[in-house]
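Student: Can you keep this structure in mind? I'll have questions shortly.
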Amino acid sequence: MLIVEDEFLIAIDLKLLLQRRGWSVLGPATTVKEALALLDDELPAVAILHVTLKDGSVTLVAEALRARQVPFVVASAYSRPELIGGDVLAGAPSVGKPTEEHRLLAVLENAVRS
Amino acid sequence: MNLEDLYRLLRNGHVEAQGIVDTVPDPLLVLDQNLYVRTASRAFFTTFKVTRDETIGQHLYELGNQQWDIPELRRLLEEVIPKSTAVVDYEVEHDFPSIGRRTMLVSAHRLFHPDNISRSLLLSIVDATERRQHEAEKDVLLGELRHRMKNLLGLVQAIARQTTAAGHSGEEYRDAFLGRFNALVQAHDAAYSQVGEADLQEVLQRTLEPYSPTGVLVESGPTVSLTSGQIMSLSLILHELATNGIKYGALSTPTGQIRVHWEVEEASAPSLRLVWQESGGPPVAPPVSSGFGTQLIEFAVSRELGGRVELNYAPAGLVVEIVAPLGSVS
């Protein structure tokens with residue numbers, strides 16, 4: 001799975017948490033550029049996206065994922081991330097922020113299955 | 001009383017009544033039952049930049065190039081008013097030719113008459129454009145604040161979750177968690193309490209002094225200004241190094257010492273080389289697995305500072321070397 005998150009403490013937390021649960025983690029990418037470069041090398045089964053990154057909103061990453069049919073979930077403190085990240089984020093499952101572990105795992109597994 | 005006295009009395013009464021109307025700061029209109037203007041207040045003329053002559057006696061919808069012929073207002077006057085005695089703060093947003101786009105709060109009351117036979121309307125108009133703008137700005141600000149708070153709670157959650165609990169007592173976990181929590185609070189304070197930048201020397205001393213006033217020696221070095229983001233990362237990195245030093249390294253013995261020194265390397269772009277050097281502590285061995293602390297240091301240096309870090313577990317003491325570009329760090 002791919003983690004796109006620019007807040008480094010949260011990025012490490014997500015990575016360690018998901019690795020402990022048996023996920024193989026790509027990233028964490030902290031910029032749009034880095035995330036797109038990672039996608040060129042390897043396609044994850046699912047991605048978790050923070051909405052605002054250091055070099056802009058995550059929109060381009062979400063569009064790249066959609067084009068490659070990789071499901072993604074959104075981890076954002078914004079209640080309506082699509083207002084910032086564009087329509088591509090509308091309707092994407094949200095894991096909230098702060099991100100509760102059980103909800104995160106359930107939403108991710110659900111996204112991979114669907 | 002002769003006719004002249006009566007006239008004077010009536011005139012004085014009228015002048016006083018008009019004076020009251022003209023003193024009210026918000027525009028007022030009195031309309032007859034067919035919506036023709038009977039009276040208007042001074043504020044109406046000044047606010048909408050119209051004269052008395054082009055106002056009094058005109059139909060409301062014909063006023064000022066039909067600028068009051070607004071569908072919302074028509075609805076208010078023709079449908080709402082006849083069924084109720086008063087409408088308060090009916091919001092009308094409209095592009096007025098003379099004053100531009102405005103948000104007006106229109107209130108309409110049936111004009112008071114002692115015999116309750118009045119069919120005239122008193123229309124008062126309050127320009128709420130600026131108030132609405134302030135409210136919108138405040139909403140944006142509050143939204144941003146809520147967003148930042150949630151982010152901060154996310155950081156606290158991250159350190160709570162990643163502070164090792166397995167194999168530790170509740171007290172140990174609490175102390176370790178609170179240590180990181182306090183580091184986060186202080187890093188946040190240091191990074192955002194002051195406007196602009198802070199000096200590296202100051203950040204090092206302020207961050208490290210509480211751990212050991214005597215065991216940590218911060219040598220003086222060249223002036224380096226740090227941005228908020230750099231201060232934040234560096235403070236958290238230093239906390240991880242210091243607590244590690246207290247638990248396993250030089251600060252776990254009374255004789256141990258930590259030297260912190262730095263230099264600025266002027267290559268094509270200037271970079272900072274910061275060295276953390278422990279000595280006099282127990283023999284050092286590399287950790288068996290890389291935990292949250294190590295990951296934090298490596299991630300913060302590579303992503304936040306845009307540099308690289310080397311952790312050298314030399315037997316004589318841990319040496320950490322951080323090299324990071326100065327100036328425009330993304």
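Student: Return the percentage of antiparallel bridges among DSSP beta bridges fully within the protein assembly as shown, rounded to the nearest 5 %. Can you show the working numbers first?
Tutor: Working: 52 of 64 bridges.
Restricted to the protein assembly as shown, the bridges split so that about 80 percent are antiparallel.
Student: Amide H to amide H under 5 Å from B:GLY317: which residues, 5+ apart in sequence or cross-chain, H placed 1.01 Å off N in plane?
Tutor: For B:GLY317, whose amide H was placed from the backbone, the distant partners under 5 Å are B:VAL284.
Student: Let me ask something else about it. Convert each backbone phi in the range B:261-267 into a coupling constant with the Karplus relation 6.51 cos²θ - 1.76 cosθ + 1.60 (shift: θ = phi - 60°), then list the ³J(HN,Hα) values in order as whole Hz, x for Gly and Pro.
Tutor: Karplus values, whole Hz, x for Gly and Pro: 9, 8, 9, 9, 9, 9, 8.
Student: In whole Å, largest first, what are the principal axis extents of the Cα atoms in chain A?
Tutor: Extents along the principal axes: 32, 31, 30 Å.
Student: Karplus couplings for the range B:139-146 from phi (6.51 cos²θ - 1.76 cosθ + 1.60, θ = phi - 60°), rounded to Hz, Gly and Pro as x?
Tutor: Once θ is set to phi - 60°, the couplings for the range B:139-146 become 4, 4, 5, 5, x, 5, 5, 5 Hz.
Student: Once the Cα atoms of the range B:3-127 are picked out, what are the Rg and Dmax in Å?
Tutor: Here Rg and the maximum Cα pair distance are 15.2, 50 Å.
Student: If you fit an axis through the alpha-carbon atoms of helix B:3-23 and take the longest principal axis of the Cα set of chain B, what angle between them do you get, 0 to 90°, nearest 10?
Tutor: Taking Cα atoms only, the helix is inclined about 20 degrees.
Student: Can you give me the long-range amide H partners of B:VAL224? Hydrogens built in the peptide plane at 1.01 Å from N, cutoff under 5 Å, separation of 5 or more residues or another chain.
Tutor: For B:VAL224, the qualifying residues are B:LEU200, B:GLN201.
Student: Further, regarding this structure: For a distance above 34 Å, tell me the whole-number percent of Cα pairs in chain B that qualify. Each step should come with its number before you reach the end.
Tutor: Numbers: 28918 of 54285 pairs.
Tail of P(r) above 34 Å: 53 percent of Cα pairs.
Student: Kindly write out, for the range B:74-84 in residue order, the coupling ³J(HN,Hα) from the Karplus curve 6.51 cos²θ - 1.76 cosθ + 1.60 (θ = phi - 60°), rounded to whole Hz, with x marking Gly and Pro.
Tutor: 4, 4, 4, 6, 8, 10, 7, 4, x, 9, 9
Student: Let me ask you something else. Sticking with the crude label model, points 7 Å out along Cα→Cβ, report the distance from B:GLU78 to B:THR294 in nm, one decimal please.
Tutor: Inter-label distance under the simple model: 7.9 nm.
Student: For A:VAL74, enumerate residues with amide H under 5 Å from its amide H, sequence gap 5+ or separate chain, H modeled in the peptide plane.
Tutor: Close amide H contacts, sequence-distant or interchain: A:LEU49, A:SER94, A:VAL95.
Student: Calculate log10 I(q)/I(0) of the protein assembly as shown for q = 0.09, 0.10 Å⁻¹, where I(q) comes from the Debye formula with a single equal point scatterer on each Cα and nothing for solvent.
Tutor: -0.73, -0.80
Student: While we're looking at this one, here's another question. Over the Cα atoms of the range B:197-325, what is the Rg over Rh ratio if Rh follows Kirkwood?
Tutor: 0.94
Any read-out appearing in this document is the output of simple, stated calculations on the displayed coordinates, not a laboratory observation. All of these numbers come straight from a predicted model, not from anything done at the bench. Using ideal geometry, Cβ is built from the backbone for each residue, glycine included, and neighbour counts are taken over all protein chains shown.
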